[in-house]
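Student: The structure that follows is given in the form of structure tokens.
The values are calculated or read from the model by the stated rules, or taken from the named source; none is laboratory data. Worth saying up front: this structure is predicted, and the values here are computed from it rather than measured. With ideal geometry, Cβ positions are generated from the backbone for all residues, glycine too; neighbour counts draw on all protein chains shown. Just so you know, the surface numbers come from the protein's heavy atoms only, side chains and all, with ligands and any DNA or RNA stripped out. Shrake-Rupley method; radii C 1.70, N 1.55, O 1.52, S 1.80 Å.
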Amino acid sequence: QVHLVESGGGSVQPGGSLRLSCSASGTFFRTLVMGWYRQSPGKQRDAVAVVSGSGYTNYADAVKDRFTISRDNAKATVYLEMNNLKPEDTAVYYCNAARGAVDYWGKGTLVTVSS
């Protein structure tokens, strides 16, 4: 079992920045593929960025060159640095941990981008 806790959400103006954190407990963190997903009202949950245990990263086209995912295996934490935020980035952001066919989810943190 993996327990995930997100933090760092909030309200920001367009063009601003936020940093999300997700702390994991309960298992060997390095063996997990970690990711951030987001869901806006009335829409499906979509992948934003993922990072493997070895540091390989992949991003959704909508956030490339603006968001950076990273992980600290010693602290069992994954981060999402979000820059140049846009109103369309407004969503609940969820941390995900995956090992094989098993997924674990955090409860989510709200990010609101508005002037």
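Student: Obtain the nm distance between the two label points defined at Thr68 and Glu88 by a simple spin-label model: each point lies 7 Å from its Cα along the Cα-to-C-beta direction.
Tutor: Taking the simple label geometry, Thr68 and Glu88 are separated by 2.4 nm.
Student: Which value, in debye to the nearest 20, describes the size of the charge dipole of region 1-105 about its Cα centre when Lys and Arg Cβ atoms bear +1, Asp and Glu Cβ atoms bear -1, and nothing else is charged?
Tutor: For region 1-105, the charge dipole is close to 140 debye.
Student: Then there's this: Taking +1 at the Cβ of each Lys and Arg and -1 at the Cβ of each Asp and Glu, which of Met34, Thr112, Gly16 sits farthest along the dipole of the chain towards its positive end, judged by Cα position relative to the Cα centre?
Tutor: Met34
Student: Given charges of +1 on the Cβ of Lys and Arg and -1 on the Cβ of Asp and Glu, with all other atoms neutral, how large is the dipole of region 54-115 about its Cα centre, in debye to the nearest 20?
Tutor: Approximately 180 debye in magnitude.
Student: Moving on. For region 1-54, which whole-number percentage of the solvent-accessible area (1.4 Å probe, protein heavy atoms only) is attributable to carbon and sulfur atoms?
Tutor: 49 percent
Student: Quick check for you: with a 1.4 Å probe and neighbouring chains kept, what is the accessible area per residue of region 49-115, in Å²?
Tutor: 51 Å²
Student: Per residue of region 2-15, what does 6.51 cos²θ - 1.76 cosθ + 1.60 with θ = phi - 60° give for ³J(HN,Hα)? Whole Hz please, x for Gly and Pro, Karplus curve as stated.
Tutor: Per-residue couplings from phi come out as 10, 10, 10, 10, 8, 7, x, x, x, 10, 8, 7, x, x Hz.
Student: Need the full-extension length gain, Gln1 to Lys75, defined as separation in residues times 0.36 nm minus the C-alpha distance. One decimal, nm.
Tutor: 24.9 nm is the gain from fully extending Gln1 to Lys75.
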